[in-house]
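See below for the structure under consideration.
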Amino acid sequence: MRQLSNGTEVWHAHRAGSIVPPLRFRNGLVLFHGAGDAPVFLFFEIFANACCRRQFSVPPPGDTIVDIGANIGVFTLDCAARFPSVRIEAYEPNPRAFDILQENIAANHLENRVRAYAEAVGRVPGVLDLWGGGNSIMATAYPHATEATGPPAACAMVDLRTVVARAGGRAGVVKIDAEGAEADIVEGGRDSVRSVAQFVGEYHEDRVPDVVARCWSLFEQSGFAFSLSCSRRCGPLFQARRID
């Protein structure tokens, strides 16, 4: 209620299992969403509980935040509102989620600060097979057996080297929520990792059992302090901060 001007309407719709209206924030932001999205879950995760934001220090003016796995743009909108002098590069391969991401960028007049790419980020440039499932936040290249039904979507994919180059050769924060591709992303871009000051994101050992060990090894070899956290509200998160 403190953050949403239509909080009562949103909560009643969510509890009733009916269509949730766009989330309208008291600071002027609006979050549009579609069928198969999880706007109330994302609101609590990103805005109310600040799960990712609590993992990194405030980037300096003029810096760039990269949002890998942007979905419909919740983390992007949160950063845009809280860090008005920072640019944001958002990557989302799911076509339906990307369309809503673009809608949210336009609705909040962020075109001059946010660039969105309809691409996955992975080990090497190419094409990624993406299984969408019924919920857009669960789209993954590492599906469980119950999720690998029907043909996957073929999505364009770039590597971390390309991401950093597009951001001007360096980034203050890279957030990764890629449903199992965390280690692929940092291993494939190992020569660009030190161009990033801080990494934060979710890790998914249920999809890729050795993902934490691989990330830990790469970041420590690259001169980062690496740590994990897990809580009921925020789930499994990792943080890597460059030690200079």
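The values are calculated or read from the model by the stated rules, or taken from the named source; none is laboratory data. The model shown is predicted, which means the values in this text are computed figures rather than measured ones. Backbone-built Cβ (ideal geometry, glycine too); neighbour counts: all protein chains shown. Only protein heavy atoms, including side chains, enter the accessible area calculation; ligands, DNA and RNA are left aside. Shrake-Rupley method; radii C 1.70, N 1.55, O 1.52, S 1.80 Å.
Restricting attention to region 18-156, close to 45% of DSSP beta bridges with both partner residues there are antiparallel. Neighbours of Pro22 by Cβ distance under 12 Å: Lys/Arg scored +1, Asp/Glu scored -1, total -2. Couplings for region 179-193, taken from phi via the Karplus curve 6.51 cos²θ - 1.76 cosθ + 1.60 with θ = phi - 60°, read 6, x, 8, 4, 5, 4, 5, 6, 5, x, x, 4, 7, 10, 4 Hz in order; Gly and Pro are left as x.
The GNM of the chain, with springs linking C-alpha atoms under 10 angstrom apart, assigns the highest mean-square fluctuation among Ser192, Ser18, Ser57 to Ser18. Bridge orientation summary for region 98-203: considering DSSP beta bridges with both residues in this region, about 45 percent are antiparallel. Multiplying the sequence separation of Arg26 and Asp210 by 0.36 nm and subtracting their Cα-Cα distance, what value in nm do you get? Stretched out fully, the Arg26 to Asp210 stretch lengthens by 62.0 nm.
Calculated on C-alpha atoms, the gyration radius of the chain divided by its Kirkwood radius gives an Rg/Rh of 0.94.
A cysteine counts as unpartnered when no other cysteine's C-beta lies under 4.7 Å of its own; in the chain this applies to Cys52, Cys79, Cys155, Cys215, Cys230. The alpha carbon centroids of region 198-237 and region 62-139 are separated by 21 Å.
Placing dummy labels 7 Å off each Cα toward the beta-carbon, the span from Asn49 to Ala35 is 2.8 nm. Taking trypsin sites (Lys or Arg not before Pro) as exposed when DSSP calls them loop and at most 10 other C-beta atoms lie within 10 angstrom, the chain has its longest site-free stretch at 3-231. Our summary of shape: the Cα atoms of region 202-244 have principal axis extents of 32, 21, 9 Å, ordered from largest down, in whole angstrom. Between the amide H of Ala171 and those of Val196, Ala197, distances stay under 5 Å, these residues lying 5 or more places away or on another chain, with hydrogens modeled in the peptide plane. Near Ile100, once Lys and Arg are set to +1 and Asp and Glu to -1 for all other residues with Cβ below 15 Å from its Cβ, the sum equals -4. Electrostatic bookkeeping for Gln3 treats Lys and Arg as +1 and Asp and Glu as -1; over the other residues with beta carbon under 15 Å from its beta carbon, the sum is +2.
Over region 156-204, the ratio between the Cα radius of gyration and 2.2 N^0.38 Å evaluates to 1.05.
Treating r as the C-beta distance of Ala13 and Arg82 and R0 as 25 Å, the FRET efficiency rounds to 0.40. Take the chain with all the other protein chains still there, run a 1.4 Å probe, and you get 45 Å² of accessible area per residue. Spin-label pair Ile243-Arg115: with each label point 7 Å from Cα along the Cα-Cβ axis, the two points sit 3.3 nm from one another. Using bins of 10 Å that start at zero, the share of Cα-Cα pairs per bin across region 162-244 amounts to 18, 55, 24, 2, in whole %.
Take every DSSP beta bridge whose two residues both sit in the chain, then give the antiparallel share in percent to the nearest 5. Around 50 percent of the beta bridges assigned by DSSP in the chain are antiparallel ones.
Based on Cα atoms of region 76-214, Rg over Rh with Rh as the Kirkwood radius reads 0.96. The calculated FRET efficiency for Gln3 paired with Val127, based on their beta-carbon distance and R0 = 51 Å, is about 0.85.
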